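Asker: Attaching a single structure in structure tokens format; questions to follow.
The values are calculated or read from the model by the stated rules, or taken from the named source; none is laboratory data. Given the structure is predicted, the values throughout are model-derived calculations rather than measurements. When we count neighbours, we look across all protein chains shown, and the Cβ atoms used for this are built from the backbone with ideal geometry, even at glycine.
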Amino acid sequence: MKVQQFKARRNKAIKILFFLFLVVCISSVQAQNIDTIKGEIIDAQTDNPIPLARLQLNISNISTVSNSEGVFTLKYPSEATQNFVTITALGYNKRVIAIADLQEDFTTIKLDVSPTVLAQVDINTPNNARNLVKKMLSLKDENYFNNEVIMTGFYRETIKRRNRNASLSEAVVSIYKEPYTSYKQDDIMLIKARKQTNYARLDTVALKLQGGPYSALHTDIVKYSEYVFNENNLDSYNFSFEKSTQINNNLVYVVAFKQKENNTDALYYGKLYIDANSFALTRSAFNLNVENRVQATNLFIIKKPRKAVVYPTEAAYVVHYKNDNNKWQFAYSKITLAFKVKWKNRIFNTRYTLQSEMAITNWKDNTAKSTLKNRDKLKTNAILQDEASGFSEPDFWGKYNIIEPDKSIEYAINKINKEQKKE
């Protein structure tokens, strides 16, 4: 009976999380002075950019991440000039730098690769990967935030037809996050957003991400464990150890997982990064197995034109957690989905790629237990509406931290601005 209830809940959850459908397309805040640091984070030996490095303002909950090209912008209150910034990245030694040492027009921060600690790994690594994952799941209540918090996050969503941008959405959101011990769903409110869609480039098919920021939030597989695996379905997977690494100068076990060969369901494969001290999940990168095309398609496609055959070719997910006072919480997520669309009267397939990411840039305890009114909540099946006017405002985001756009997104934003000036 429990297994049936779990499967029913999982299927319902997947309908909410996997979120894509196709349609035919014919508070006031107190003013404060804000300073900004801009720069890049690179490997000290190779000068290669380090993506998704976290920059955390000490004695504060303000943070941001570097983009895919290692570039970042960090905004902070002017009175914090005497503060420090901690920079961490997977496989690198952390650095702590005084803000006063970073106040240039554009600063380059170099990180050293963490040394391999083979002796420590050989001695301390558990000998059973499955048991380690089971222990990680059992310690959720102990390792993760068990109080209500209000987070500020930045969300970006792009859709490409082949290699050309067709839609760009960006938003700052307020997330009313429930404790990890609670089964209550998290709520989201839009603070400000902008979106532009080139429907002509979508070629009579418009891909729309149902739920928008909720999709990124539900990648928090510790909070929403029914989406991937939990103690009830571990037997569907094989687990194995890979080479350990470090995050924030702490040893991290790396566990690879994949579904068992005799299981033909659309399940997952990927890696779990588990802190060696607390046994908390610090991050994960995983993919949906899309070989079962019918089942994978049913997970994603809610509605499509009758004459179109649509199926996913890739579904990749990344989630990061951060440690605050020995408690872990959701910090970042990224989703990459690729689909092929074939019309019955056309020879060639069209490939669409949808990517969304969310970074938590600030948070505070919800000590007042405040909740969002229904009219202020973003619906879980909502679709962000087109609103392009914000792209022409140079300081549209104001004091809010964002993920710096990479070159392709920056090019798309510049093109939107040029088109608006012509109107």
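Asker: Report yes if some residue within region 15-34 is under 25 Å from residue 191 (Cα atoms), surrounded by 12 or more Cβ atoms within 10 Å (Cβ to Cβ) and modelled with pLDDT of 50 or more; otherwise report no.
Answerer: Yes; the residues of region 15-34 include at least one that is under 25 Å from residue 191 (Cα atoms), surrounded by 12 or more Cβ atoms within 10 Å (Cβ to Cβ) and modelled with pLDDT of 50 or more.
Asker: Just to be sure before I move on: is residue 61 crowded, with 23+ Cβ neighbours inside 10 Å and not in a strand (DSSP E or B) in the structure I sent?
Answerer: No.
Asker: Condition (residue is polar (S, T, N, Q), touching a helix residue (DSSP H, G or I) at 6+ places or on another chain (Cβ under 8 Å) and either modelled with pLDDT under 85 or more than 28 Å from residue 283 (Cβ to Cβ) (or both)) applied to region 410-419: is it met by at least one residue?
Answerer: Scanning region 410-419, I find at least one residue that is polar (S, T, N, Q), touching a helix residue (DSSP H, G or I) at 6+ places or on another chain (Cβ under 8 Å) and either modelled with pLDDT under 85 or more than 28 Å from residue 283 (Cβ to Cβ) (or both), so the answer is yes.
Asker: Please identify the pairs in which a residue from region 84-109 that is assigned to a strand (DSSP E or B) has its Cβ atom under 7 Å from the Cβ atom of a residue that is acidic (Asp, Glu), counting only partners at least 6 apart or on another chain.
Answerer: Close Cβ pairs satisfying both conditions: 92/112; 108/40.
Asker: Right, something else. Does any residue of region 271-284 turn out to be surrounded by fewer than 17 Cβ atoms within 10 Å (Cβ to Cβ) and touching an Asp or Glu at 6+ places or on another chain (Cβ under 6 Å)?
Answerer: The answer is no; no qualifying residue exists.
Asker: Where in region 249-334 are there strands (runs of 3 or more DSSP E), lying fully within it, with 1 or more residues that are more than 22 Å from the chain's Cα centre (by Cα) and not aliphatic (A, V, I, L, M)?
Answerer: Working: elements: 250-259, 268-275, 281-288, 308-324.
Fully inside region 249-334 and qualifying: 250-259, 308-324.
A quick yes/no check of all residues on (1) under 24 Å from residue 148 (Cα atoms); (2) acidic (Asp, Glu); (3) crowded, with 20+ Cβ neighbours inside 10 Å:
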{"site": "292", "(1), (2), (3)": "no, no, no"}
{"site": "301", "(1), (2), (3)": "no, no, no"}
{"site": "320", "(1), (2), (3)": "yes, no, yes"}
{"site": "324", "(1), (2), (3)": "yes, yes, no"}
{"site": "333", "(1), (2), (3)": "yes, no, yes"}
{"site": "336", "(1), (2), (3)": "no, no, no"}
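Asker: Has region 130-140 got any residue that is part of a strand (DSSP E or B) and modelled with pLDDT of 90 or more?
Answerer: no
Asker: Do we find that residue 74 is closer than 22 Å to residue 362 by Cα, in contact with a Ser or Thr (Cβ under 7 Å, 6 or more places away or on another chain), in a loop (DSSP other than H, G, I, E, B) and not assigned by TED's automatic domain parsing to the domain that holds residue 331 in this structure?
Answerer: no
Asker: Looking only at region 187-199, decide whether some residue is in contact with a Cys (Cβ under 8 Å, 6 or more places away or on another chain), assigned to a strand (DSSP E or B), at pLDDT below 95 and buried (at least 19 other Cβ atoms within 10 Å of the Cβ).
Answerer: Filtering region 187-199 down to residues in contact with a Cys (Cβ under 8 Å, 6 or more places away or on another chain) leaves 199.
Retained after the next criterion (residues that are assigned to a strand (DSSP E or B)): none.
Scanning region 187-199 turns up no residue that is in contact with a Cys (Cβ under 8 Å, 6 or more places away or on another chain), assigned to a strand (DSSP E or B), at pLDDT below 95 and buried (at least 19 other Cβ atoms within 10 Å of the Cβ).
Yes or no, residue by residue, for (1) within 19 Å of residue 216 (Cα to Cα); (2) polar (S, T, N, Q); (3) modelled with pLDDT of 90 or more:
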{"position": "333", "(1), (2), (3)": "yes, yes, yes"}
{"position": "337", "(1), (2), (3)": "yes, no, yes"}
{"position": "342", "(1), (2), (3)": "no, no, no"}
{"position": "349", "(1), (2), (3)": "no, yes, no"}
{"position": "357", "(1), (2), (3)": "yes, no, yes"}
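Asker: Please work out if residue 236 is assigned by TED's automatic domain parsing to the domain that holds residue 334, at pLDDT 90 or above, surrounded by fewer than 22 Cβ atoms within 10 Å (Cβ to Cβ) and not charged (D, E, K, R).
Answerer: When the stated conditions are applied, residue 236 passes them.
Asker: Would you mind stating whether residue 343 is under 25 Å from residue 67 (Cβ atoms) and of a type outside the set (Gly, Ala, Ser)?
Answerer: Criteria not met by residue 343.
Asker: Anything in region 288-336 that is in contact with a helix residue (DSSP H, G or I) (Cβ under 6 Å, 6 or more places away or on another chain) and not hydrophobic (A, V, I, L, M, F, W, C)? List them, or say none.
Answerer: Listed by number, the residues that qualify are 311, 312, 333.
Asker: Ok, one more. Working carefully through the options 361, 353, 367, find the one that is at pLDDT 80 or above, part of a strand (DSSP E or B) and within 30 Å of residue 86 (Cβ to Cβ). Explain how you work it out, then say what you get.
Answerer: On the way: 353 fails: within 30 Å of residue 86 (Cβ to Cβ); 367 fails: part of a strand (DSSP E or B).
After ruling out the rest, the residue left standing is 361.
Asker: Name every residue in region 104-125 that is under 18 Å from residue 54 (Cα atoms) and either more than 29 Å from the chain's Cα centre (by Cα) or at pLDDT below 85 (or both), in order of residue number. First the steps, then the outcome.
Answerer: Of region 104-125, the ones under 18 Å from residue 54 (Cα atoms) are 106-114.
Once the filter is applied, which keeps residues that are under 18 Å from residue 54 (Cα atoms) and either more than 29 Å from the chain's Cα centre (by Cα) or at pLDDT below 85 (or both), region 104-125 yields nothing.
Asker: Under 8 Å between Cβ atoms, which residue pairs at least 6 apart in sequence (or on different chains) link something in region 268-282 that is not assigned by TED's automatic domain parsing to the domain that holds residue 247 with a partner that is part of a strand (DSSP E or B)?
Answerer: Going by the 8 Å Cβ cut-off, there are no qualifying pairs.
Residue-wise test of (1) under 22 Å from residue 143 (Cα atoms); (2) of a type in the set (S, T, N, Q); (3) in contact with a Ser or Thr (Cβ under 8 Å, 6 or more places away or on another chain).
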{"position": "251", "(1), (2), (3)": "yes, no, yes"}
{"position": "258", "(1), (2), (3)": "no, no, no"}
{"position": "262", "(1), (2), (3)": "no, yes, no"}
{"position": "284", "(1), (2), (3)": "yes, yes, no"}
{"position": "297", "(1), (2), (3)": "no, yes, no"}
{"position": "301", "(1), (2), (3)": "no, no, no"}
{"position": "313", "(1), (2), (3)": "no, yes, no"}
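Asker: OK, next. List the number of the failed condition for residue 381; all other conditions in (1) more than 15 Å from residue 217 (Cα to Cα); (2) exposed (fewer than 15 other Cβ atoms within 10 Å of the Cβ) hold.
Answerer: Condition (1) is where residue 381 drops out.
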